[in-house]
1. Would you mind telling me which residue in Arg45, Arg256, Arg134 has the biggest mean-square fluctuation in a Gaussian network model of the chain, where springs connect alpha carbons within a distance under 10 angstrom?
2. Take the alpha-carbon centre of segment 11-44, take the same for segment 352-378, and report the distance between them in whole Å.
3. Quick one: angle between helix 239-260 and the longest Cα principal axis of the chain, in degrees between 0 and 90, rounded to 10, please.
4. Excluding same-chain residues fewer than 8 positions from Lys193, which lysines have a Cα within less than 23 Å of its Cα?
5. Eigenvalues of the Cα gyration tensor times 5, then square-rooted: what semi-axes does that give for segment 2-177, in whole angstrom, largest first?
6. Which residues' amide hydrogens lie under 5 Å from the amide hydrogen of Phe89, considering only partners 5 or more residues apart or on another chain, with H built in the peptide plane?
7. Quantify how much of the Cα-Cα distance distribution of segment 198-427 extends past 21 Å, in percent.
8. Could you pull out every residue, at least 5 positions away or on a different chain, whose amide H is within less than 5 Å of the one on Val58? Hs are placed 1.01 Å off N in the peptide plane, and Pro or chain starts have none.
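Since every read-out is calculated from the coordinates, none of them should be taken as a lab result. Predicted, not measured: the structure shown is a model, and the values here were computed from it. No Cβ is skipped: glycine too gets one built from the backbone with ideal geometry, and neighbour counts run over all protein chains shown.
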Amino acid sequence: MAEQKRTVPDACDLLESILLGNARAEIVDELSRTGAFEDWLRRLRKRMTAHAFGEGSVRLDTMVRRLDNRTRQDGFRVFHLWDHRAHRFTEEIVPVLLLDFYERASVAEPNERLTLEILLDYYLLHVLTLCAMRAWDLGDPDATLDRISGLVEALQGSSGSGHHFVADAETLLIYGLSQFHPNEQAYDRLIEKVAELSVPHQMTFARVSASVLSAHLRWGFWLMYERDVLRMRNDNVGDYPWLLTSVLTLLKGYVRHREAGEEADDERRDTAQGLLQGLAADPWAFVGKAPPALADYEVEYAEVVDLLQRHGAELLDDFEALRPAKDFYTPLALHFNFPHNTLMAIVTLALLEGKPQSLPLNALFVQEMSDLPGDETQAGLARALMAFSRGSPERLGYRGAMLVAYDHLSGLRSYSLTVDTIAKSLE
């Protein structure tokens, strides 16, 4: 037990020393000291597989093994992808899979050092994700998540590649649990743990969860299940308790913000945006009879229905400001199968273009922002991801469906379905 209690803070201490100092630059220096670029990549692949860098001076292997073993016992795998065709997890870790893909792409004029930096940061992102998944080991998950959010900021700071992956530790949690895992009960156990967090952390987790589940389920509804909501529900049973919890958390927050008056207007609008996405995941799920997947959640479901009945009219007024417009980015127009595939695609584009991405994944979950760095836009990133998704048959999903799609009309349809369904329930 003592070893378990120390692993997470020791891991954070080690990661802090790597992320805040010159360790990453020294690792890249060592990788690129001799040989051709292909040799550099080969060395990095070996280092990532061994979880040891700097010719062994930076060792993460013992720490990663301990964190990974406990996370596997909980039913989750952070470093490996589920192969849906082979019905097993990949043998190689995700950062190595991306490195191998990059090598096969044979980029004509690679930004060699930046490529190493981004791949190294992507590896460290997975170590941070492991730490986030173990946030409850110490008994103070709020403090642990706060510290990990600080390390996420350091990861994306000036000492590394400059690539932005995610906004916070809560998004790392979602990244860690949102790909397919055979043990569906694992999701329920983690959602129960989230309920132990303080309200601000619960709200952050719920906003990102609502966005991720919405993009995932709407992808299925429009692109895979031929607009058959029953097929979508039957194929995503494990997602619905998670969606219910997210919507309920956001509804409670919305009511608190309304009661606080003008001083909470910004928080109310942000929460309304998350609620719109959460409800748009399946607009019919929270009016009338509960879907079978929520049969064991009668109390929570009844509370959602009650809050929607009492505050639905106010919510619809706030939704009006979020109506999709053709010339502005809207997250309701974004669809993807899984967020980890989307994040990997973003990193892949940065590698192929030789340019770090300044917009984290979370930027795709909010309405168009006006204070973006440089000439990058949310819509531009979404469309680039869509073009990448359809650029090769191996990147397409069921019946040739793009794994990432951005379509204004389907976003507008999702908005209308959601608003009309809620409005009819209030009559």
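1. Of Arg45, Arg256, Arg134, the most mobile in the Gaussian network model is Arg256.
2. Cα centroid to Cα centroid, the span is 26 Å.
3. Result, in degrees: 70.
4. Cα-Cα hits under 23 Å: Lys5, Lys252.
5. Numbers: eigenvalues 136, 74, 43 Å².
Over the Cα atoms of segment 2-177, the semi-axes work out to 26, 19, 15 Å.
6. Here the answer is Asp83, since their amide H atoms fall under 5 Å of that of Phe89.
7. Working: 14483 of 26335 pairs.
That fraction is 55 percent.
8. Here Phe53 satisfy the definition.
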